[in-house]
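The next block holds one structure in the form of structure tokens; read it before the comments.
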Amino acid sequence: MAEPSTTGLDGANRGLADLMTRLRTGLPGGHAGLAVLLLALILGFSAFVPNFLSAGTLQSFMYQLPLLGLLSLAMIVPLMTGGLNLAIIATTNQCALLMVWIMRTMIAPDAGAGTVFAIILLALLAGLALCLVIGLITGFLVAYTGVHPILVTLGTKSLIDGISIYLTRGMALSGIPDAFAKAGNATLLGVPLIFVILIVTAVIVGVILKRTAFGISCAMIGSNIQATRYSTIDTRRVLVGVYVMSSVTCFVAALVMLVTFNSASADYAQSYLLVTILAAVLGGVDPFGGFGTVGGLMLALAILQIISSGFNQFGLSNYLTVAIWGAILILVVMVQTLRPHFRQLLSK
Amino acid sequence: MPDDRSAFSLKALRRRPEMWLLAVILVVGTVFALAARDFLSLPNIIDLLETYSVQSIMAMGLFVVLVSGGIDISFAATASVAQYCAALIATQLGLPAPLVIVAGLLIGTALGCVNAALIHKMRITSIIATIAMMSISFSLLMYFSSGKSIYTLPDWWTDRIVFYQTETAVGDLVRITLPIVTMMVVALFTWAWMTRSSIGRQLYAMGGNPEAARRIGIGIGKLHFVAYGYLGFMAALAGLVQAHRVGESVPNAMYNTELAVLSAAVLGGASLTGGIGTVPGVLLGIVLLAMLQNGLNLLGVSSYFFQIVIGITILISTSITVLSSRRGRRHRIIAEAPGNG
């Protein structure tokens, strides 16, 4: 550092401190508690479960995490603004259904590679368009009627689910072309493509929330929507953007869902709805809005998935895993609220 | 029905969100009555009342929590746990009826109080605490019961109890049964308790502005336990009634009803931010959803279509309520504060 010699030491110190604070807020290191918990879980499981630290575990981890992860990313954006999107699963399912339907009705058995590719592209575009429309409608309802997002999305969830169930009669649709399935199950240097998609999406969402004017407006709306409006931010337009972004993330989730289940249905993954909120809050997202990071969410997801795979290898039931997820959530939130009291006790 | 004192003033009526709901119900009812002959028949109405009694009892409990400014997602799980435990006690230990019922209700109340403790003592947001509690209690129930139903409920539990019965001119049997009576008693009690008692008024005050309520000397902590404990009690009661109706205890029978009950309560004008809502309004919300489902069934519309209708109803009615009350919202809250019944 090229500081004048008189203040050299001081300046260097300050520079270092600045760097440390920047590191602490910029990295998931801001969630030291969660990182410690994750590490403790990994160590604990590898001590008690034989073969826990194996390539197989890592592989299944990378195959199981993406769907829940993407759905949680779709949830975190509205959560930042103090809202909620209860329709994410319904949106994802309907988008997946539409894409499968297009692919299986339009691709003739003897179609050439070129037509298949074109139709897959068409299906993807249609899915994306559907998600955009759903996001726009939800966003407009939330922003311009002033109805609480829980209610609006409860309504849109019912409506979207209803349409999907009505059209499919509750049946699952299969018939994904081999080319699509093969591409989805590909790996990059041993890492499944769907996991790469999750990481890329997480980075994009994280950068948007942290580094763009839109993302900062979201956090401001979550803290105080009136004050944000008086700061000449068009809160309504931002809110519409929030729900569009959430829905578009659902489109990515729908792609991953098609790859993992090889089919689409109106009632896949319904139990994930509350788990996404659980993961977000565990990751330090304030359910009233304003605070939260994608890094924290990813750590929380990793913790949940490690618990689930660890107990699976122990041979414990899935139900017990969900119960333990709930208990961990209460524990983490309790520690967060009680920490100031502990600190007070210690300093006395 | 809405407040008698303001019933003569059209202006006051128009300000009440329930009036919109009542108008919608009348329109929908007329349409169904004209289209489906059986819709307004006495047996059909009584049947509807009995079918929706369980949801109504839960909605009364949820209403109290919503008024107090909180939200609870876990009550359906609570109802299942209380019901299943009571069924276990009755079949395995063979205890007499009063003990089983008291035990079931106590379990529900205790689970409600755990929610209150998490929310008040640990300062966990109510939606987060109850989502966590829902995962815990329902998953543990499924784990320990391995999803097995109990079919051998004792006779005192499953025997129909008929308070009044009559035959219509066509020969249909009309019976006022225990679930209907329970629902009516619960609704009347909740209404009287919330509008005529000191605790009820304090709950409204707490939901409207917790800090102000605390400063005028209202015990916020105690009220949390009262509200969530009451919901736990009502959930357990609903669980016991549900087992009475179907004659067995299925651990996941009531799972996923929480959003339906919540929609009904909110349709009926209970505010998610607390302090606003009435018992008649919540009941009207349930009536509307019940009428839609039943009417569409009678018209032969596919049951798959039903969810679409629910979705549209929620969207339209909540938007209308909010948009219509936006003008002079502050005026309305102040003017109506003494008459929230």
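No lab work stands behind these numbers, since they all come straight from the coordinates. It should be emphasised that the depicted structure is a prediction, and the values quoted were computed from it without experimental measurement. Cβ placement follows ideal geometry from the backbone for every residue including glycine, while neighbour counts extend to all protein chains displayed.
I need the fraction of alpha carbon pairs in region A:237-285 separated by more than 13 Å, rounded to a whole percent.
70 percent
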Report the calculated FRET efficiency for A:Ser60 and A:Ala40 (r = Cβ-Cβ distance, R0 = 22 Å), to the nearest 0.05. 0.60
Quick one: 3J(HN,Hα) in Hz for region B:113-127, Karplus 6.51/-1.76/1.60 with θ = phi - 60°, rounded, Gly and Pro as x. 5, 4, 4, 4, 5, 4, 6, 7, 6, 9, 6, 8, 3, 4, 5
Below 12 angstrom from the Cβ of B:Leu299, what's the summed charge of the other residues (Lys, Arg +1; Asp, Glu -1)? 0
Within a Gaussian network of chain B (alpha carbon springs, distance under 10 Å), most fluctuating of B:Leu26, B:Leu62, B:Leu289: B:Leu26
Alpha-carbon spread of chain A, three principal axes, descending order, Å: 79, 58, 44
Dipole of region B:8-167 (Lys/Arg Cβ +1, Asp/Glu Cβ -1, origin at the Cα centre): which of B:Val27, B:Gly69, B:Ala116 lies farthest to the positive side? B:Gly69
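In percent, how large is the relative contact order of chain A, given Cα pairs closer than 8 Å and 6 or more residues apart? Can you show the working numbers first?
Details: 446 pairs, mean separation 107.0, N = 348.
It rounds to 31 percent for chain A.
Which FRET efficiency value, to the nearest 0.05, do you get for A:Ala32 and A:Ala179 by plugging their Cβ-Cβ distance into 1/(1 + (r/R0)^6) with R0 = 41 Å? Don't jump to the answer; show the numbers that get you there.
Working: r = 45 Å, r/R0 = 1.10.
FRET efficiency, A:Ala32 to A:Ala179: 0.35.
Kindly provide the Kirkwood hydrodynamic radius of chain B in Å, to one decimal, from all pairs of distinct alpha carbon atoms. Walk me through the numbers before you get to the answer.
Values: mean 1/r = 0.0478 Å⁻¹.
It works out to 20.9 Å.
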Taking amide hydrogens as modeled 1.01 Å from N in the peptide plane, which residues meet the under 5 Å criterion relative to A:Leu173, leaving out close sequence neighbours? A:Ala264, A:Ser265
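As an exercise, find the ratio Rg/Rh for region B:97-248 from alpha-carbon atoms, using the Kirkwood inverse-distance average for Rh. Don't skip to the answer; put the middle values down first.
Values: Rg = 19.3 Å, Rh = 18.1 Å.
Reported Rg/Rh, Kirkwood definition of Rh: 1.06.
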In order through region A:63-73: 3J(HN,Hα) via Karplus (6.51 cos²θ - 1.76 cosθ + 1.60), integer Hz, x for Gly, Pro: 7, 8, 5, x, 4, 4, x, 5, 5, 5, 5
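Helix-derived [θ] at 222 nm for chain B: sum -39500 (n - 2.57) over DSSP H runs of at least 4, divide by residue count, nearest 500?
Values: 16 runs with 234 residues, N = 341.
Estimated from H runs of four or more residues: -22500 deg cm²/dmol.
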Picking from B:Arg201, B:Arg215, B:Arg160, which is most flexible by a Gaussian network model of chain B using Cα springs under 10 Å? B:Arg215
Once every DSSP H run of n ≥ 4 in chain A is given -39500 (n - 2.57) and the sum is divided by its residues, what mean residue ellipticity at 222 nm do you get, rounded to the nearest 500 deg cm²/dmol? -26000 deg cm²/dmol
Subtract the Cα-Cα distance of A:Ala327 and A:Arg104 from 0.36 nm times their separation in residues, and report this length gain in nm to one decimal. 75.9 nm
Stretch gain in nm, segment B:Met122-B:Thr158, where the contour uses 0.36 nm per residue and the Cα spacing is subtracted: 8.9 nm
Please give, to one decimal in nm, the separation of the simple spin-label points placed at A:Met334 and A:Ala111, each 7 Å out from Cα toward the Cβ. 5.5 nm
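Given the Cα atoms of the protein assembly as shown, and with Rh set as the inverse mean 1/r over their pairs in the Kirkwood sense, what is Rg to Rh to two decimals?
Values: Rg = 26.9 Å, Rh = 27.3 Å.
So for the protein assembly as shown, dividing Rg by the Kirkwood Rh gives 0.99.
Relative contact order for chain B: what is it in percent, counting Cα pairs under 8 Å that are at least 6 residues apart?
On the way: 497 pairs, mean separation 109.3, N = 341.
32 percent.
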With a Förster distance of 56 angstrom and the Cβ-Cβ distance between B:Ser302 and A:Ala47, calculated FRET efficiency to the nearest 0.05 equals 0.50
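Dipole size in debye (nearest 20) for region A:36-333 around its Cα centre, Lys and Arg Cβ +1, Asp and Glu Cβ -1? Provide the component values of the computation, followed by the final result.
Details: 9 positive and 6 negative charges, 77 e Å.
Here the size comes out at about 360 debye.
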Packing-based order for B:260-267, B:180-187, B:94-101, using average beta carbon neighbours within 10 Å, highest first: B:260-267, B:180-187, B:94-101
